[in-house]
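*Asks:* Mind looking over this structure? Questions follow.
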Amino acid sequence: MKIKTVSTTPFDDQRPGTSGLRKKVKVFQQPHYLENFVQSIFSALEGFQGKTLVVGGDGRYYNREALQIILKMAAANGFGKVMVGCDALLSTPAASCVIRKYDAFGGIILSASHNPGGPDADFGIKYNAGNGGPAPEKITEAIYNLSLEINEYHTIETADIDIDNIGEQMLGDMCVELINPITDYADMMESIFDFDAMRTLLSSGTFSMRFDAMNAVTGPYAEEILEQQLGAAEGTVLRGDPLEDFGGAHPDPNLKHARELVAMMYGDNAANFGAASDGDGDRNMILGYDFYVSPSDSLAIIAANATLVPGYAQGLAGIARSMPTSQAVDRVADKLGIDCYETPTGWKFFGNLLDAGKITLCGEESFGTGSDHVREKDGLWAVLFWLNILAVRKQSVADIVYDHWRTFGRDVYTRHDYEGVPAEGANALMEQLRANTDELKGQSLDGYTIEHCDDFSYTDAVDNSLSSKQGIRILFTSGARIIYRLSGTGTDGATLRVYIEQPIDTLENLDREPQQLLAKLIRLSSTIAEIEKHTGRKAPDVIT
Ligand code: VG1
Ligand code: CO
């Protein structure tokens, strides 16, 4: 095998964000751009000679080209084997499953997740460690630092390999194994959930479901599990073919971007259960007939009902949620007498807690839910979790949520996103809040008294590493919270996220909408941060 060493110069913009490096496709297509980052990943790692790497992606534009580049570089850098999802496809949770199952050294996932795809849209890449989870900050920082100093990378000169057929091939001295990851993933789901109960529900004739794969990576997984194995009616899976540009849509399962599915859940012939997943298959949205379940409530309900699912029948060790996720799950943990951890945004912060056995379940308000079965959030897993709960409880989605609120109280919750705002204004807004945290404490505004205000920092409960500046939190005496942070996944300007929450324990108003119930706090959130002054925006672009 003839290794070719290529001279290069560093780019200064390769710091991984919330979930890996995300940029426009055109940025990745610059000569040496992807190669520099991949070499920086390999250079940051030790001890992988002769070992196995897992590589795959969400199928978006540039996925296949990037895969060929990575395979040649993996061979030149000394990996013994690369396992690749057939057609270059691997959902993010399936990649995590495969890394763990085959005891791989680590993996590279090619995805920009919920961001749009296509020649003018987004691409992304991230490294996952041997536990199957996103690299911790220590490694992502090391990768970034190496990317600032890189002057050469290693590859081999050889023809591209066939990535469409299962089986093994040699690339230089390295073996490339094309695998069908759907089998491994489906087997794992079968080992967790009560497939018999779900089959009975789906064939009862009184229950129907729709799953919107948004032309992203989960389509084939959902068709296999829901339609083939669980017997859901043909056509249950919508937009099941993975497309390079997701059919021009934004593969983000929320009320705005999964509008067609939402429309199908209302009206005369609506289904009983609706769900959707994102570009790389790690997110989930849960809908009932005429009903939307907020992701924070979904996490709390999954936790409260966990023992109904065979894989969690023994109970939960603990729970974690990201800081901006609502406090609904905290009350469940409290009642169960287990620990509840509050981590910064991003799945990488759950890894240590999961590995140490401190938590079984974790989740984020951004449509991400998961457990210790893998080390990524898992969209289809969450959908199957709900289906299992529905099969056992034999109630509607709405009734399950109402019951939950009656038992635990309700956290009325919303997130407002101001997308693509000028970075300068967004940074100024955050700086101003940061400078005012002390001054805000004790203030009474429109009937709400601020009890505490800070810029969230987190000390990892396992390795004691500190992550600071993770978002401004304003905590009110009523239990309400307003949180501000800037997105670390966008590629156009800055995105301001404002998270607004009010716990209520009255049993009235169960069907009233969060935007109504939170109107006062929403107004406060814009005046406290002077959102219009800093961003020029009167209203958010996306409300979830
Ligand atoms: C967003 C979400 C965060 C999630 C991340 C990756 O990050 O808020 O909760 O972990 O996306 O999700 P940010 O920094 O834009 O707020 V995925 O499905 O894009 O990998
Ligand atoms: Co995703």
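*Asks:* List, in order, the whole-Hz ³J(HN,Hα) value for each residue of segment 13-30 obtained from phi through the Karplus relation with A = 6.51, B = -1.76, C = 1.60 and θ = phi - 60°; use x for Gly and Pro.
*Replies:* Result, ordered by residue: 10, 9, 7, x, x, 4, 8, x, 8, 10, 8, 4, 3, 4, 5, 5, 7, 4 Hz.
*Asks:* Further question: Tell me, what are the semi-axes, in whole angstrom and largest first, of the equivalent ellipsoid of segment 356-442 as set by the roots of 5 times the Cα gyration tensor eigenvalues? Working shown, then result.
*Replies:* On the way: eigenvalues 252, 71, 47 Å².
Sorted largest first and rounded, they come to 35, 19, 15 Å.
*Asks:* With a cut-off of 19 Å, note down the residues of segment 455-495 whose backbone N falls inside the zone around a label point 7 Å from the Cα of Asp505 toward its beta carbon.
*Replies:* Of the residues in segment 455-495, 476-481 have backbone N under 19 Å from the label point off Asp505.
*Asks:* Cα to Cα, under 16 Å, and not fewer than 8 places away if on the same chain: which lysines meet these conditions relative to Lys126?
*Replies:* Of all the lysines, those that pass the test against Lys126 - Cα under 16 Å, at least 8 places apart if same chain - are Lys23, Lys24, Lys138, Lys348, Lys377.
*Asks:* Here's a follow-up. Once the dipole of segment 410-543 is set up with Lys and Arg at +1 and Asp and Glu at -1 on Cβ about the Cα centre, which of Gly493, Phe476, Thr527 lies farthest towards its positive end?
*Replies:* Thr527
*Asks:* About the Cα centre of segment 74-198, how large is the charge dipole given +1 on each Lys and Arg Cβ and -1 on each Asp and Glu Cβ? Please answer in debye to the nearest 20. All intermediate terms of the calculation are to be shown ahead of the outcome.
*Replies:* Details: 5 positive and 20 negative charges, 78 e Å.
So the magnitude is around 380 debye.
*Asks:* Right, another one. Rounded to two decimals, what is the ratio between the C-alpha radius of gyration of segment 185-408 and 2.2 N^0.38 Å?
*Replies:* On the way: Rg = 16.2 Å, N = 224, 2.2 N^0.38 = 17.2 Å.
Its radius of gyration relative to the 2.2 N^0.38 Å reference: 0.94.
*Asks:* Starting with the highest mean, order 262-275, 50-63 by the number of other Cβ atoms within 10 Å, averaged over the residues of each peptide.
*Replies:* 50-63, 262-275
*Asks:* Still on this model: Using 0.36 nm per residue of separation minus the Cα-Cα distance, give me the extension gain between Glu177 and Ala435 in nm, one decimal.
*Replies:* Numbers: separation 258, 0.36 × 258 = 92.88 nm, distance 5.36 nm.
Contour length minus Cα-Cα distance gives 87.5 nm.
*Asks:* When the helix-only estimate is applied to the chain (DSSP H runs of n ≥ 4, each -39,500 (n - 2.57), divided by the residue count), what is the mean residue ellipticity at 222 nm, nearest 500 deg cm²/dmol? Write down the numbers at each step before the final one.
*Replies:* On the way: 19 runs with 170 residues, N = 544.
Calculated at 222 nm, the ellipticity per residue is -9000 deg cm²/dmol.
*Asks:* Moving on. So how strong a dipole does the chain carry about its Cα centre when Lys and Arg Cβ are +1 and Asp and Glu Cβ are -1, to the nearest 20 debye? Before the final figure, lay out each step's value.
*Replies:* On the way: 47 positive and 76 negative charges, 149 e Å.
In total the dipole reaches around 720 debye.
*Asks:* Sticking with this one: From the gyration tensor of the Cα coordinates in segment 3-181, what semi-axes in whole Å does the equivalent ellipsoid have, largest first, with each one equal to sqrt(5λ)?
*Replies:* On the way: eigenvalues 88, 68, 56 Å².
Each semi-axis is the square root of five times an eigenvalue, giving 21, 18, 17 Å.
*Asks:* To continue, here is another question. Between segment 65-126 and segment 347-368, what is the separation of their alpha carbon centroids in Å?
*Replies:* 22 Å
*Asks:* Now, a different point. I'd like to know which of Ser111, Ala258, Phe349 lies farthest towards the positive end of the charge dipole of the chain, counting +1 on Cβ of Lys and Arg and -1 on Cβ of Asp and Glu.
*Replies:* Phe349
*Asks:* So, one more: 7 Å from Cα along Cα→Cβ at both Asp541 and Ala142: what's the point-to-point distance in nm?
*Replies:* 3.6 nm
*Asks:* Run the quick spin-label model on Phe11 and Glu424: label points 7 Å from Cα toward the beta carbon, then report their separation in nm to one decimal.
*Replies:* Each label point is offset 7 Å from its Cα along the Cβ direction, giving 2.5 nm.
*Asks:* What is the Cα centroid distance between segment 509-544 and segment 1-38, reported in whole angstrom?
*Replies:* Value for the Cα centre distance between the two parts: 39 Å.
*Asks:* Test of understanding: what is the full-extension gain from Gln68 to Thr407, defined as 0.36 nm times their sequence separation minus their Cα-Cα distance?
*Replies:* Details: separation 339, 0.36 × 339 = 122.04 nm, distance 5.31 nm.
Here the segment from Gln68 to Thr407 would lengthen by 116.7 nm.
*Asks:* Also: When only Cα pairs under 8 Å and 6 or more residues apart are kept, what is the percent relative contact order across the chain? Mind showing how you got there, number by number?
*Replies:* Numbers: 1238 pairs, mean separation 72.6, N = 544.
After rounding, I find 13 percent.
*Asks:* Continuing with this model, one more query. Which whole-Hz ³J(HN,Hα) couplings does segment 513-518 yield from phi under the Karplus relation 6.51 cos²θ - 1.76 cosθ + 1.60, θ = phi - 60°, glycine and proline marked x?
*Replies:* Each residue of segment 513-518 in turn: 6, x, 4, 6, 5, 9 Hz.
*Asks:* Once fully extended, how much extra length lies between Lys51 and Asp492, figured as 0.36 nm per residue of separation less the alpha-carbon to alpha-carbon distance? List each step's numbers first, then the result.
*Replies:* Values: separation 441, 0.36 × 441 = 158.76 nm, distance 3.76 nm.
Using 0.36 nm per residue and subtracting the Cα-Cα distance, I get 155.0 nm.
*Asks:* Residue-wise, which Karplus ³J(HN,Hα) couplings in Hz belong to segment 288-304, taking 6.51 cos²θ - 1.76 cosθ + 1.60, θ = phi - 60°, and x for glycine or proline?
*Replies:* So the Karplus estimates, Gly and Pro as x, are x, 4, 6, 8, 10, 9, 5, x, 5, 5, 4, 4, 5, 6, 4, 5, 5 Hz.
*Asks:* Still on this structure: In Å and from the alpha-carbon atoms only, list the Rg and Dmax of segment 337-376.
*Replies:* Rg then Dmax for segment 337-376, in Å: 9.4, 26.
*Asks:* With all pairs of different alpha carbon atoms counted, what Kirkwood hydrodynamic radius in Å does segment 410-543 show?
*Replies:* Evaluated over segment 410-543, this radius sits at 15.7 Å.
*Asks:* Determine the relative contact order of segment 3-181: mean sequence separation of Cα pairs under 8 Å and six or more apart, normalised by residue count, in whole percent.
*Replies:* Working: 380 pairs, mean separation 62.6, N = 179.
Relative CO of segment 3-181 lands at 35 percent.
*Asks:* Right, here's the next one. If you average over every viewing direction, what projected area does the convex hull of the Cα atoms of segment 429-469 give, in nm²?
*Replies:* On the way: hull surface 15.1 nm².
With the hull built on Cα positions only, its mean projection is 3.8 nm².
*Asks:* Compute the distance from the alpha-carbon center of segment 391-407 to that of segment 237-285, in whole Å.
*Replies:* The two parts, judged by their Cα centres, are 23 Å apart.
*Asks:* Turning to a different aspect of this structure: Under 20 Å between alpha carbons: how many lysine pairs meet that in segment 410-543, if sequence neighbours fewer than 8 apart on the same chain are excluded? Could the numbers behind the result be given before it?
*Replies:* Numbers: Lys441/Lys469; Lys441/Lys520; Lys520/Lys533; Lys520/Lys538.
Total qualifying Lys-Lys pairs in segment 410-543 comes to 4.
*Asks:* Shape verdict for the chain, please, from the Cα gyration tensor: rounded (a/c under 1.5), prolate (a/b greater than b/c) or oblate.
*Replies:* Values: a/c = 1.76, a/b = 1.24, b/c = 1.42.
Verdict is oblate for the chain.
*Asks:* Which distance in nm do the two modelled labels at Arg393 and Gln169 give, with both placed 7 Å along the Cα-to-Cβ direction?
*Replies:* The modelled label-to-label distance comes out at 4.9 nm.
All of the numbers you see were taken from the coordinates with simple rules; none came from a lab. The model shown is predicted, which means the values in this text are computed figures rather than measured ones. Note that we place each Cβ from the backbone using ideal geometry, even for glycine, and neighbour counts take in every protein chain shown.
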